[in-house]
């Protein structure tokens, strides 16, 4: 198992956003975390990166606990995040955003990773010297994905890939995700768009108010009308 | 030719303001702290410059020592004065900074004496005739050269090195920068080192131009630099430099043409008030 999370509790300051959350994902698989706004999905991802404070539980990467490691160490072990709201660096150029993505990488990895990101998203290549803030929403999402790929991760945490994007761009981003999965990446995907999430996910975990309330395969989730009606917003 | 002479004198003074105020902008940009105690580091730079020059006879060495020592002290100011209160509202840090500034003036008075220090053999006093009847001291030319060299070097580094890019990313979004493995703590130390070293350079240069350092040397620059960074649009590096040069030039003309009505040091604030009435976001600030 590449990533195994046991009894995770996390939050900002005194606020607890996630309670006793357990899940796992292996190489070449996609786990979708579903649930309403404020259910704790984004906090879970940020806690996995070591940015939101972990208050309980264990995060095992390839079997060893990384709970005490700083973000740079986690990246070196192969983790990277595509955060909620994209959060590209608007004042930096496209190229510089990618350089930040490879901040902890060796120069050779950085160069290769940057080339790889441009290969996935040729449109970024055309805008390499442009301020990231001047990109369209779709291009910014591609940049956020590209930035996470520069460090050549094995485990990708993706938050709200489809939010506010045109269908054509969403499809393009999901194509890249599917490609990454086929290359053996493990992906944890937070997504409001149930349809897209279920199409790409192998397994699904549903969060409600910081607690995990349902776990199963994507097929089971799609079939289970109670789940889809209650948590996934489709009847 | 008087206009041109005043303009050049204004640029010399503006270069000094720029070196001081840039440090404030760097600190404000990263931590949203109004670092009043920055002016105390400027004064310390002046003292180190004079003392090391008098002791070793080398002005260049004095400049180097001042940058390193003051840079490190600036890092210590962050570590011991600001870091423990970063999670508190910004005015707490401002009060701490003012306290630190006042305390430093008294410490300088006790350690270096109340009457100030001068260079035994002031360096760079030779003059060059720029055009007929107008001469500049070597020291004044050095001020402009150093300001241009330092600021260009910083601009180049921030655009062309991974550390520079990481620093700019951290200024924009510290949490996201951390999520990509940038060590925010190191960025802050580096930021304080550079800001303080620039203040030290300014202190050494002002000590040279006045041939005097005294404990209160930083009091006027402390509030004038605040006016400059507000003028420039808080946090804008380019705005800070434009405002610094503009203020230098305005003061140079103002002393001649408005000297009877307004004190030189009051001009900065008259200028600040006028600009803020027209452009509340500062000269180059964004809304």
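No lab work stands behind these numbers, since they all come straight from the coordinates. Bear in mind the structure is a predicted one, so any value in this text is a computation, not a measurement. Backbone-built Cβ (ideal geometry, glycine too); neighbour counts: all protein chains shown.
Some values worked out for this structure:
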quantity: Relative contact order, percent, the range B:2-278 [alpha-carbon distance under 8 Å, six or more residues apart]; calculated: 40 percent
quantity: Radius of gyration and Dmax over the Cα atoms of the range A:3-230, both given in Å; calculated: 16.8, 51
quantity: Per residue convex hull volume, Cα atoms of the range B:1-136, in Å³; calculated: 142 Å³
quantity: Using alpha-carbon coordinates, inclination of helix B:59-77 to the longest axis of chain B, degrees; calculated: 30 degrees
quantity: GNM result for chain B, Cα springs below 10 Å: residue of B:53, B:163, B:240 fluctuating most strongly; calculated: B:163
quantity: DSSP beta bridge pairing in the range A:3-230, given as percent antiparallel to the nearest 5; calculated: 55 percent
quantity: Theoretical ellipticity at 222 nm over chain A - DSSP helices of four or more residues, -39500 (n - 2.57) apiece, nearest 500; calculated: -11000 deg cm²/dmol
quantity: Neighbour-count order for A:68, B:150, A:166, B:144, fewest beta carbons within 10 angstrom listed first; calculated: A:68, A:166, B:144, B:150
quantity: Percentage of interatomic Cα-Cα distances in the range B:62-102 larger than 12 Å; calculated: 63 percent
quantity: Antiparallel DSSP beta bridges within the protein assembly as shown, as percent of all bridges there, nearest 5; calculated: 60 percent
quantity: 10 Å Cβ neighbours from other chains, averaged over peptide A:146-153; calculated: 1
quantity: Relative contact order of chain A, pairs being alpha-carbon contacts under 8 Å that are 6 or more residues apart, as %; calculated: 27 percent
quantity: Within a Gaussian network of chain B (alpha carbon springs, distance under 10 Å), most fluctuating of B:86, B:212, B:198; calculated: B:86
quantity: Shielding by other protein chains, A:84-95, mean Cβ within 10 Å; calculated: 3
quantity: Centroid-to-centroid separation of the range A:61-120 and the range B:242-279 [C-alpha atoms, Å]; calculated: 47 Å
quantity: Order of B:256, A:187 under a 10 Å beta carbon neighbour criterion, fewest first; calculated: B:256, A:187
quantity: For the protein assembly as shown, diffusion coefficient by Stokes-Einstein and Kirkwood Rh (Cα), 20 °C, 1.002 mPa s, µm²/s; calculated: 83 µm²/s
quantity: Cubic angstrom per residue, convex hull over Cα atoms of the range B:2-278; calculated: 142 Å³
quantity: Tilt relative to chain A, helix A:137-149 - C-alpha long axis, 0 to 90 degrees, to 10; calculated: 90 degrees
quantity: Nearest-ten-degree value, helix B:138-160 long axis tilted from longest Cα axis of chain B; calculated: 20 degrees
quantity: Fewest-first sequence of A:126, B:105, B:83 by Cβ atoms within 10 Å of each Cβ; calculated: A:126, B:83, B:105
quantity: GNM result for chain A, Cα springs below 10 Å: residue of A:40, A:101, A:184 fluctuating most strongly; calculated: A:184
quantity: Reciprocal of mean inverse Cα separation for the range B:96-140 (Kirkwood radius, Å); calculated: 13.8 Å
